[in-house]
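Visitor: The following block contains the structure, expressed as C-alpha cells.
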Amino acid sequence: MVTNDKAQSTTPSASDGERPAIDIRSVHKAFGSLHVLKGVSMQVMPGTVTVVLGPSGSGKSTLLRMINQLETVSGGEIYVNGELQGFKHEMHRGVDRLRCLSDKEVAAQRSRIGMVFQRFNLFPHKTVLENVMEALVHVKHMSKDEAKAEAIADLKRVGMDNRLNHYPSELSGGQQQRVAIARAIAMHPQIMLFDEPTSALDPELVGEVLGVIRGLADDGMTMVVVTHEIGFAREVADQVVFMDGGVVVEKGGPEIIDNPSNPRFKSFLDSVL
Amino acid sequence: MSTHATNGAADSEKKPAAARAASKSAQGAPDIPNRVDALPQRKPGPIVAAIIVAIFAAQFIHMLVTNENLEWGVVWTYLFNEHVLSGVGWTLILTVASMLIAIVLAILLAVMRKSSNVVLRGVSWFYIWFFRGTPVYTQLVFWGLISVLIPKLSIGIPFGPEFWTWDTADVFTAGRAAVIGLALNEAAYLAEIVRAGLEAVDPGQREAAQALGMGPGLIMRRIILPQAMRIIIPPTGNEVIGMLKTTSLVLAVPFTLELQYVTNSLANRVYKPIPLLIVAALWYLVITSILMFLQSKLEKHFGKGFDIRGEVEQIGPSDSTEAKRSEASAEDRNDVLMTGLNA
C-alpha cells in the first residue's frame with residue numbers, strides 16, 4: 001500500500017491576498033436521509049467576528065459544530081488557517097484520496113479552536129478552577145502551578161476569579177457560561193466558536209455573558225457566534241450570515257440587518273425584533 | 001396521637017409548636033411575623049400500621065425468648081468460635097478479592113464495549129454473553145476441575161517451544177479457583193452496570209472535552225468515568241452484598257473454609273442446625289451493615305458537585321465560605337479511592 005503523505009493542501013489566497021482564518025467550501029451535511037446543510041460557503045477573516053443568524057433548524061449550529069469536528073463533513077471542505085479539517089490527502093493505489101485523521105491529529109486541530117456551548121457543559125465533578133485547569137494540565141502538559149496561574153488570569157478576565165473553589169451547580173447560568181468561556185480561552189485558541197451562548201440563560205443574565213464576548217471581540221479574537229441576539233449582532237459583527245433551510249440566504253456587513261434585501265431574512269428579523 | 005385530639009387538646013398543643021418555631025428562628029431562620037402555625041394533617045395510617053406491627057413484633061420477640069429450640073446458649077458458644085471467626089475472615093477475603101478483580105475487569109469490559117474497535121467490542125460482548133449465560137455454580141465446579149482438563153500450564157511461543165511450565169493444580173488452589181470463579185462471573189454483571197453508568201453521562205460532557213482537544217482515553221478517564229461512578233456505585237454496592245452471600249457457593253470448587261460451610265459442618269457435628277444457622281445469619285448481617293456504611297461514604301464522595309442544592313442558599317461571596325470549600329476539597333483529595341481514578 002502506498003502511504004505517501006502529500007503536503008497539507010492550503011487554500012488559495014483570498015482576493016485581498018490575506019488568508020481566511022476559516023474557509024468553508026460548499027459544505028453539505030446529511031443525518032441519514034435528512035439533508036441539513038445543502039452547500040454552505042463562507043469565509044471568516046482573522047480578527048473578525050461573524051454572527052450567524054437564522055431560524056431553528058436552519059443548520060447554523062450544525063455548521064458551527066462541523067468547524068470543530070463535533071460533526072463529520074458529508075460533502076465539501078473546511079479549512080482552518082489553511083489546514084484541511086478532519087482529513088489529509090493520501091495516495092492510495094495510485095489515486096489521491098482523503099484519509100480520516102487519527103484521534104490524536106483531530107484533538108490537535110480541535111485544541112486550536114475554542115468552543116462555548118448553549119448548555120455550558122462545565123464538568124460538574126470539578127470546581128471552577130479545576131474546570132479551567134483540566135485541559136491546560138492534561139492537553140497542554142503545563143505544571144499544576146503554571147496552569148493555576150493561567151486559569152486564575154482567565155477567570156479574572158471573565159470576572160469569575162472570586163468563585164475558584166465552587167462547583168458549577170453552585171453558580172448561576174450566566175456565571176457558568178462565563179467560566180465556560182474562561183475554560184475555552186485558557187487554551188489560547190486562534191478561533192472561538194459560540195453556539196447560542198445566551199439561549200439557556202434567564203433574560204437578566206444575558207448581558208453579563210454578551211459583555212464578556214464583546215470584550216473578546218475588542219481584543220481582536222476571531223469568532224463565529226450563532227445567536228438570536230440581533231442587537232449584539234448589529235453592534236459587534238463584522239460579517240452577518242443569515243441561514244435558512246440549510247443554505248446561506250444572505251451575507252454581508254452588519255448594515256444588512258437594517259436593510260435586508262432577501263424577504264425571508266426580512267420576515268425573520270421582523271419576527272425576532 | 002394528635003389525630004385523636006379534640007379542639008381543646010389542639011389548643012394545648014399550640015404552645016410547643018410555637019416554642020419550636022421560636023427555637024428555629026434562633027438558629028438563623030428568618031423572622032416571619034405571620035408564620036403559619038397549623039396542626040399537622042390527620043394521618044391515621046402510621047398509627048394503624050404501628051399497632052399491627054407492634055402486635056407481630058411482640059409475638060416474634062416472645063417466640064425468640066421462649067422457644068427453646070433456638071438454644072441461645074449454643075448460639076453464644078459458637079458465635080466467637082475460632083472456626084467461625086476464621087470462616088468470617090475467609091468469607092470477607094473471598095468477597096473483597098473477587099469484587100476487586102471483578103470491578104477492574106468490568107470497567108475494562110465496559111470501556112471495550114463502548115470502544116470504536118470492533119474486535120474489542122466483540123470480545124466484550126462474547127465474554128458477557130458466556131459468563132452471564134451459565135450458572136455461577138457450574139462455573140465454580142469448572143474452575144475446581146481445571147487441573148483435570150488442563151494438567152500443565154506453560155508460557156512460551158504459541159504452538160512453539162515452552163519456556164516455563166507449572167502444574168495447574170499448584171496454580172489453581174481451591175482458594176484461587178474460588179476467587180477467580182466468583183470474579184469472572186461477577187465481572188459480566190458489573191460490566192453491564194458500568195456500561196449503563198457510562199451511557200448515563202450527558203453527551204455534552206464528551207463534546208466539551210473534545211472541544212478542549214482531549215483525546216478519547218483522557219476523556220474516559222478524567223471526565224466520563226468519574227461522573228459515571230456516581231451512577232455505578234449504588235448498584236455495585238448491591239452486587240457486593242450479593243457477592244458476600246454467593247461466596248457460600250464455593251463449596252462447589254470445593255473450598256471449605258468460608259462461613260456457611262464452617263457453620264454447616266459444625267452444626268452437623270453437634271446436631272444443632274438452627275443455632276448455627278443463626279450464628280451464620282448474624283455474621284452475614286454484621287458484614288452487610290458494615291458494607292452499607294462504606295457504600296454511603298463512597299456515594300457521598302462521588303456525589304461531589306451534584307447533590308448540593310441544599311447548600312446553594314448558603315453560598316455567598318463571603319471569604320469564609322470560600323475557605324470552607326477549599327478545605328473540604330483538600331480533604332477529598334486525601335481519599336485513597338479517588339487517587340486511582342485521578343492518577
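The values are calculated or read from the model by the stated rules, or taken from the named source; none is laboratory data. All values derive from a computational prediction rather than experimental measurement. Cβ: placed from backbone, ideal geometry, glycine included. Neighbour counts: every protein chain shown. Note: accessible area is taken over every heavy atom of the protein model, side chains too, but ligands, DNA and RNA are not part of it. Shrake-Rupley method; radii C 1.70, N 1.55, O 1.52, S 1.80 Å.
Visitor: List pairs: first in segment B:241-256 and over 22 Å from residue B:147 (Cβ atoms) and open to solvent by 10 Å² or more (accessible area, probe 1.4 Å), second assigned to a loop (DSSP other than H, G, I, E, B) and not aliphatic (A, V, I, L, M), Cβ under 8 Å, 6+ apart or cross-chain?
Guide: Partner pairs satisfying both residue conditions: B:248/B:258.
Visitor: Going by the conditions given, is residue A:163 crowded, with 22+ Cβ neighbours inside 10 Å, modelled with pLDDT of 95 or more and over 30 Å from residue A:34 (Cβ atoms)? Break it down into steps so the answer makes sense when it comes.
Guide: Numbers: crowded, with 22+ Cβ neighbours inside 10 Å: yes; modelled with pLDDT of 95 or more: no; over 30 Å from residue A:34 (Cβ atoms): yes.
Criteria not met by residue A:163.
Visitor: Check B:58, B:49, B:38 and return the single one that is more than 30 Å from residue B:289 (Cβ to Cβ) and modelled with pLDDT of 90 or more. Walk me through how you get there before you give the answer.
Guide: Values: B:58 fails: more than 30 Å from residue B:289 (Cβ to Cβ); B:49 fails: more than 30 Å from residue B:289 (Cβ to Cβ).
Unique residue meeting the criteria: B:38.
Visitor: Just the residues that are outside any helix (DSSP H, G or I) and either without any contact (Cβ under 8 Å) to a residue 24 or more places away in the chain or over 27 Å from residue B:71 (Cβ atoms) (or both), please, taken from segment B:257-271.
Guide: Selection gives B:271 alone.
Visitor: Oh, and also: Taking residue A:171, is it in contact (Cβ under 8 Å) with a residue 40 or more places away in the chain, within 14 Å of chain B (Cβ to nearest Cβ) and surrounded by fewer than 22 Cβ atoms within 10 Å (Cβ to Cβ)?
Guide: Considered against the rule, which asks whether it is in contact (Cβ under 8 Å) with a residue 40 or more places away in the chain, within 14 Å of chain B (Cβ to nearest Cβ) and surrounded by fewer than 22 Cβ atoms within 10 Å (Cβ to Cβ), residue A:171 comes out as yes.
Visitor: While we're on this one: Which of the residues spanning segment A:142-170 are in contact with a Gly (Cβ under 8 Å, 6 or more places away or on another chain) and not in a loop (DSSP other than H, G, I, E, B)?
Guide: Those that are in contact with a Gly (Cβ under 8 Å, 6 or more places away or on another chain) and not in a loop (DSSP other than H, G, I, E, B): A:157, A:168, A:169.
Visitor: Could you count how many residues in segment A:176-194 are away from chain B (no Cβ under 11 Å) and either over 14 Å from the mean Cα position of the chain (by Cα) or buried (at least 24 other Cβ atoms within 10 Å of the Cβ) (or both)?
Guide: Adding up the residues that qualify gives 7.
Visitor: Could you list, ordered by first residue, the pairs with Cβ atoms under 6 Å in which the first is in segment A:262-273 and over 15 Å from residue A:229 (Cα atoms) and the second is charged (D, E, K, R) and open to solvent by less than 90 Å² (accessible area, probe 1.4 Å), at least 6 apart or interchain?
Guide: Matching pairs, first to second residue: A:262/A:250; A:264/A:244.
Visitor: Further question: Considering segment A:139-160 alone, what residues qualify as being within 11 Å of another protein chain (Cβ to nearest Cβ) and either acidic (Asp, Glu) or open to solvent by 50 Å² or more (accessible area, probe 1.4 Å) (or both)?
Guide: Kept after step one, since they are within 11 Å of another protein chain (Cβ to nearest Cβ), are these residues of segment A:139-160: A:139-140.
Hit for segment A:139-160 is A:140, nothing else.
Visitor: Okay, moving on. Looking at B:252, B:281, B:267, can you tell me which residue is closer than 29 Å to residue B:141 by Cβ, more than 14 Å from every other protein chain (Cβ to nearest Cβ) and within 23 Å of the chain's Cα centre (by Cα)? Walk me through it before giving the result.
Guide: Values: B:252 fails: within 23 Å of the chain's Cα centre (by Cα); B:267 fails: within 23 Å of the chain's Cα centre (by Cα).
So the residue among B:252, B:281, B:267 that is closer than 29 Å to residue B:141 by Cβ, more than 14 Å from every other protein chain (Cβ to nearest Cβ) and within 23 Å of the chain's Cα centre (by Cα) is B:281.
Visitor: Ok, one more. Taking residue A:106 as the residue in question, decide whether it is in contact (Cβ under 8 Å) with a residue 24 or more places away in the chain, part of a helix (DSSP H, G or I) and within 13 Å of another protein chain (Cβ to nearest Cβ).
Guide: Yes.
Visitor: Any residue that is within 11 Å of chain B (Cβ to nearest Cβ), crowded, with 20+ Cβ neighbours inside 10 Å, outside any loop (DSSP other than H, G, I, E, B) and of a type outside the set (Val, Ile, Thr) - is there at least one of those in segment A:68-77?
Guide: No, that holds for no residue.
Visitor: I would also like to ask the following. Quick one: which residue in A:136, A:98 is more than 7 Å from chain B (Cβ to nearest Cβ), buried (at least 19 other Cβ atoms within 10 Å of the Cβ) and not hydroxyl-bearing (Ser, Thr, Tyr)? Working first, answer last.
Guide: Working: A:98 fails: buried (at least 19 other Cβ atoms within 10 Å of the Cβ).
Result of the check over A:136, A:98: A:136.
Visitor: Would you confirm whether or not segment B:97-120 contains a residue that is farther than 27 Å from residue B:233 by Cβ and in a helix (DSSP H, G or I)?
Guide: Yes, because at least one residue in segment B:97-120 is farther than 27 Å from residue B:233 by Cβ and in a helix (DSSP H, G or I).
Visitor: Starting from residues that are at the interface with chain A (Cβ under 7 Å from one of its Cβ atoms) and part of a helix (DSSP H, G or I), keep the ones in segment B:209-219 and report whichever is surrounded by the fewest Cβ atoms within 10 Å (Cβ to Cβ). Let's see the steps before the verdict.
Guide: So the first thing to find is which residues in segment B:209-219 are at the interface with chain A (Cβ under 7 Å from one of its Cβ atoms), and the list is B:210-216, B:218.
Within this subset, residues satisfying the condition of being part of a helix (DSSP H, G or I) are B:210-211, B:216, B:218.
On the way: B:210: 22, B:211: 27, B:216: 19, B:218: 17.
Top of the filtered list is B:218.
Visitor: From the list B:222, B:195, B:206, B:176, pick out the single residue that is within 12 Å of another protein chain (Cβ to nearest Cβ) and under 24 Å from the mean Cα position of the chain (by Cα). Spell out how you get there, then give the answer.
Guide: On the way: B:195 fails: within 12 Å of another protein chain (Cβ to nearest Cβ); B:206 fails: under 24 Å from the mean Cα position of the chain (by Cα); B:176 fails: within 12 Å of another protein chain (Cβ to nearest Cβ).
Going through B:222, B:195, B:206, B:176 in turn, just one is within 12 Å of another protein chain (Cβ to nearest Cβ) and under 24 Å from the mean Cα position of the chain (by Cα): B:222.
Visitor: Follow-up. Tally up the residues in segment B:122-132 that are under 26 Å from residue B:256 (Cα atoms) and surrounded by fewer than 17 Cβ atoms within 10 Å (Cβ to Cβ), please.
Guide: Step one: filter segment B:122-132 for residues under 26 Å from residue B:256 (Cα atoms), giving B:131-132.
After this cut, where a residue has to be surrounded by fewer than 17 Cβ atoms within 10 Å (Cβ to Cβ) as well, the list is B:132.
Within segment B:122-132, residues that are under 26 Å from residue B:256 (Cα atoms) and surrounded by fewer than 17 Cβ atoms within 10 Å (Cβ to Cβ) number 1.
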